[in-house]
Amino acid sequence: MKKAIKTRGFTIIELLMVIAIIGILAAVVITSLNSARAKGRDAKRIKDMEEMHKAIELYISDHGHAPDFGDPTCSDPSSEDPGCYATEFSGQHDWSDLEAELKPYIASLPKDPCGAACFQKPNTKHRGYFAYYYAAPSMVSAYYKSLGLPATSSIYRVYAQNLETKNYTSFGFGEGSF
């Protein structure tokens, strides 16, 4: 009598199928994870802009004008100085100058969660890079006047250059929310 041989284990085909399925699932999970991270960074950008907006509005209520980097011409809308702005990486004025003015209203100025690496490597998907900007009244006034609106010392613009989850989109406050 011959005994039936019981085989244990998997065939090579079965193992390859399991590996392929695991690979596909891993690719889907990694893609979803990257998308969730980008959404998280965008949520942080929006929250940062809201906090800066509140701090600037408090500054205006105390001083009667938007932050001017200690340069009175920057709060004067009639000067239309195109250099009265700051970004976290460059600009006529340092981000730290704005931070010093807003110190009583916000502990420290936020910085883009992507950091300097994303500022230095422009990409075509987002029309440039990721950074935070502040434009003082003298810089924003020319835009207001071109729309036929009155320019005042309390107009400003603070915004996040680019959001990752929406192509060609920025978010901020000041010259109208957008």
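The values are calculated or read from the model by the stated rules, or taken from the named source; none is laboratory data. From a predicted model like this one, the values you see are computed outputs, not experimental measurements. Protein only, heavy atoms only, side chains kept; ligands, DNA and RNA dropped before computing areas. Shrake-Rupley method; radii C 1.70, N 1.55, O 1.52, S 1.80 Å.
Residues whose amide H lies under 5 Å from that of residue 156, counting only those 5 or more places away or on a different chain, are 175; hydrogens are built 1.01 Å from N in the peptide plane.
Helix-only arithmetic for the chain: the sum of -39500 (n - 2.57) across DSSP H runs with n ≥ 4, divided by the residue total, places the mean residue ellipticity at 222 nm at -14500 deg cm²/dmol. The accessible surface of the chain, taken with every protein chain in place and a 1.4 Å probe, is 60 percent carbon and sulfur. The aspartates and glutamates within cross-link reach of residue 54, meaning a Cα-to-Cα straight distance under 13 Å and a gap of 8 or more places when in the same chain, are 62. Computing Rg and the Kirkwood Rh from the Cα coordinates of the chain gives a ratio, Rg/Rh, of 1.35.
Near residue 171, the amide H atoms lying under 5 Å from its own belong to 160, 162; only residues 5 or more places off or on other chains count, and H is placed 1.01 Å from N.
Residues 164, 51 ordered from highest to lowest accessible area at a 1.4 Å probe: 51, 164.
Once all protein chains are placed together, residue 89 keeps about 70 Å² accessible to a 1.4 angstrom probe.
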